[in-house]
Amino acid sequence: MVDIKYHYESTAPDYDQITRVSGYDRVPVRLVSVFQQAVSFTPAMKVLDFGCGTGKLAQAICDTGADVEITGLEPCRAMAVQFDRRFRHHPHVILQRGGYTDHLPLPDQEFDAVLSAGVFDHIKITPRVMKEFMRVIKPGGFLAFTYERHSRLLPKDHIYWGAGATYSHQDSYVKACLEQTGAQVLQHQRMFGYFYYHLARMGLFVAQKPV
Ligand SMILES: C[S@@+](CC[C@H](N)C(=O)[O-])C[C@H]1O[C@@H](n2cnc3c(N)ncnc32)[C@H](O)[C@@H]1O
């Protein structure tokens, strides 16, 4: 199995350029825009950017002008270096090294919202994983993330594609995993115009933890 941390270790210096050319840049921007339509950022909101990479999602949040506090969580050293370079002087963006293994290195009910772009492709989504994310969100808080999705004609909840250590999931399965935590799905969208090298596409969910 590919160790995803090492995968990004070598691509980190070129990540921003690769994702610009591939069209991926639209993904974090779209996630932020859908989140804003469904929920909107409020002043001093504590936001976790899970798997923050070089900071494209955090940048998209900052570009809205929202007055929020962002913690970027990132396990890959080389990606974290790029994030730090971008936000070192930003008073409301901090970096924490680490990632999801079978738990998150974060306290209970710490965040008003967890946003994540392009990371759940590297994690096999299960009810247990969703429960762990809900643990770090305050009651009434939000979880918004993108994932790779595959057609319902492929009769599998998830498919492991190997290269790049990516998983794709079926929409109904991801929704069921979220709902098993008690969360309410506020938005589900399918994204077009961006394709990985295999046949999966991107989807996104915005969900709310019960109060
Ligand atoms: C496609 S990049 C996305 C980076 C950033 N979110 C963006 O939108 O540009 C995937 C990121 O997820 C991180 N990642 C992979 N597995 C992870 C895990 N288990 N926990 C946290 N982050 C992880 C990688 O190190 C990498 O920075």
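The values are calculated or read from the model by the stated rules, or taken from the named source; none is laboratory data. Since the structure is predicted, the reported quantities are computational estimates derived from the model, not experimental observations. As a convention, Cβ positions derive from the backbone with ideal geometry for all residues, glycine included, and neighbour counts pool all protein chains shown. What goes into the accessible areas is simple: the full protein's heavy atoms, side chains included, and nothing from ligands, DNA or RNA. Shrake-Rupley method; radii C 1.70, N 1.55, O 1.52, S 1.80 Å.
Kindly check whether there is at least one residue in region 60-67 that is among the charged types (D, E, K, R), in contact with a Pro (Cβ under 9 Å, 6 or more places away or on another chain) and open to solvent by 60 Å² or more (accessible area, probe 1.4 Å). Yes, because at least one residue in region 60-67 is among the charged types (D, E, K, R), in contact with a Pro (Cβ under 9 Å, 6 or more places away or on another chain) and open to solvent by 60 Å² or more (accessible area, probe 1.4 Å). Mind counting the residues in region 49-77 that are aliphatic (A, V, I, L, M) and over 22 Å from Tyr8 (Cβ atoms)? Looking only at that region, the number is 2. Among (1) of a type outside the set (Gly, Ala, Ser); (2) within 18 Å of Asp121 (Cβ to Cβ); (3) in a helix (DSSP H, G or I), which single condition is Asp49 missing? (3) is the only condition that Asp49 fails. Applying a threshold of 6 Å to beta carbon distances and a minimum spacing of six or more residues, or different chains, the list of pairs starting in region 63-90 at a residue that is part of a helix (DSSP H, G or I) and ending at one that is of a type in the set (S, T, N, Q) reads Met79/Thr54; Gln82/Thr54; Phe83/Thr54. For beta carbons closer than 6 Å, sequence separation of 6+ or different chains, a first residue in region 31-59 that is modelled with pLDDT of 95 or more and a second that is among the basic types (Lys, Arg), the qualifying pairs are Gly55/Arg86. In region 104-124, what residues are farther than 14 Å from Leu48 by Cβ, part of a loop (DSSP other than H, G, I, E, B) and not β-branched (Val, Ile, Thr)? Of everything in region 104-124, those that are farther than 14 Å from Leu48 by Cβ, part of a loop (DSSP other than H, G, I, E, B) and not β-branched (Val, Ile, Thr) turn out to be Gly118, Lys124. Answer yes or no as to whether Val136 is aliphatic (A, V, I, L, M) and touching a His at 6+ places or on another chain (Cβ under 9 Å). For Val136, the condition - aliphatic (A, V, I, L, M) and touching a His at 6+ places or on another chain (Cβ under 9 Å) - is not met. Among the residues that make up region 12-33, is at least one of them under 13 Å from Ala113 (Cα atoms), touching an Asp or Glu at 6+ places or on another chain (Cβ under 9 Å) and either within 12 Å of the ligand (Cβ to nearest atom) or open to solvent by less than 40 Å² (accessible area, probe 1.4 Å) (or both)? Yes: one or more hits.
For region 82-99, a residue qualifies if it is within 11 Å of the ligand (Cβ to nearest atom) and either in contact with a Pro (Cβ under 9 Å, 6 or more places away or on another chain) or among the β-branched types (Val, Ile, Thr) (or both), and the qualifying residues are Gln82, Gln96, Arg97, Gly98, Gly99. Open to solvent by less than 10 Å² (accessible area, probe 1.4 Å), of a type in the set (D, E, K, R) and touching a helix residue (DSSP H, G or I) at 6+ places or on another chain (Cβ under 9 Å): does that describe Asp121? Yes: the conditions hold for Asp121. Return the residues of region 52-61 that are assigned to a helix (DSSP H, G or I) and in contact with a strand residue (DSSP E or B) (Cβ under 7 Å, 6 or more places away or on another chain); say none if nothing qualifies. Hits for region 52-61 are Leu57, Ala58, Ile61. If the condition is being in contact with a strand residue (DSSP E or B) (Cβ under 9 Å, 6 or more places away or on another chain) and within 16 Å of the ligand (Cβ to nearest atom), then region 149-185 contributes Arg149, His158, Tyr160, Trp161, Thr166, Tyr167, Ser168, His169. Taken over region 100-109, the criterion of being away from the ligand (no atom under 16 Å from the Cβ) and acidic (Asp, Glu) is satisfied by Asp108 alone. Test Val39 against the criterion of being farther than 22 Å from Ala207 by Cβ and either surrounded by fewer than 19 Cβ atoms within 10 Å (Cβ to Cβ) or in contact with a Cys (Cβ under 7 Å, 6 or more places away or on another chain) (or both), and give yes or no. Judged against the criteria, Val39 is not a match.
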